[in-house]
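Quick note: the coordinates plus some simple rules give every number you see, no bench work behind them. Note that the structure is a prediction, hence the values are computed from the model and not measured. When we count neighbours, we look across all protein chains shown, and the Cβ atoms used for this are built from the backbone with ideal geometry, even at glycine.
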Amino acid sequence: MKTIYFICTGNSCRSQMAEGLSKELLDPKEYEIRSGGIEAHGLNPRAVKVMSEIGIDISHNKSQVIDNEYINNSDLVITLCGDALDNCPVLPANVSHEHWGLEDPAQATGTEDEIMEVFRKTRDEISEHIKELKNKI
């Protein structure tokens, strides 16, 4: 079984959405997927909401800091923001790494509708990356 680890700053939005989408789009018999953060900021309710709009429930996920044992034994680590890229632990040579520089939807401002559109845009961008990843692996 291959392991994929999604890393972002607070493990509250981007990495949680990536974990949920990957578990939906990739075969769970072939992949173990987790997410973590440089810090644990708690699960963002807007991330939960935009994922539920497409039928994926991440409401039981927990925001967690990076698990060093898991990251060091992963097949692929994907950083989702510059902060995670800059502060991710040094990876062993056998761990592949990709970087997807995504906007942080938690930093969006405006009306609730405008903020939710940023969350949807980020969710959809992650989904496209995962579909591309699926074709590569």
Within the stretch 50-73, is even one residue under 13 Å from the mean Cα position of the chain (by Cα), assigned to a helix (DSSP H, G or I) and surrounded by 13 or more Cβ atoms within 10 Å (Cβ to Cβ)? yes
Taking the stretch 1-22 only, how many residues are out of contact with any helix residue (DSSP H, G or I) (no Cβ under 7 Å at 6 or more places or on another chain) and buried (at least 19 other Cβ atoms within 10 Å of the Cβ)? 4
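Please enumerate the residues belonging to the stretch 1-49 that are part of a helix (DSSP H, G or I), more than 17 Å from Lys134 (Cβ to Cβ) and not basic (Lys, Arg).
Matches in the stretch 1-49: Ser15, Gln16, Pro45, Ala47, Val48.
Rundown of residues vs (1) touching a residue at least 12 places away in the same chain (Cβ under 8 Å); (2) part of a helix (DSSP H, G or I); (3) over 20 Å from Arg34 (Cβ atoms); (4) among the polar types (S, T, N, Q), yes/no style:
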{"position": "Ala93", "(1), (2), (3), (4)": "no, no, yes, no"}
{"position": "His97", "(1), (2), (3), (4)": "yes, no, no, no"}
{"position": "Leu102", "(1), (2), (3), (4)": "yes, no, no, no"}
{"position": "Gly110", "(1), (2), (3), (4)": "no, no, yes, no"}
{"position": "Met116", "(1), (2), (3), (4)": "yes, yes, yes, no"}
{"position": "Arg123", "(1), (2), (3), (4)": "yes, yes, no, no"}
{"position": "Ser127", "(1), (2), (3), (4)": "yes, yes, no, yes"}
{"position": "Asn135", "(1), (2), (3), (4)": "no, yes, yes, yes"}
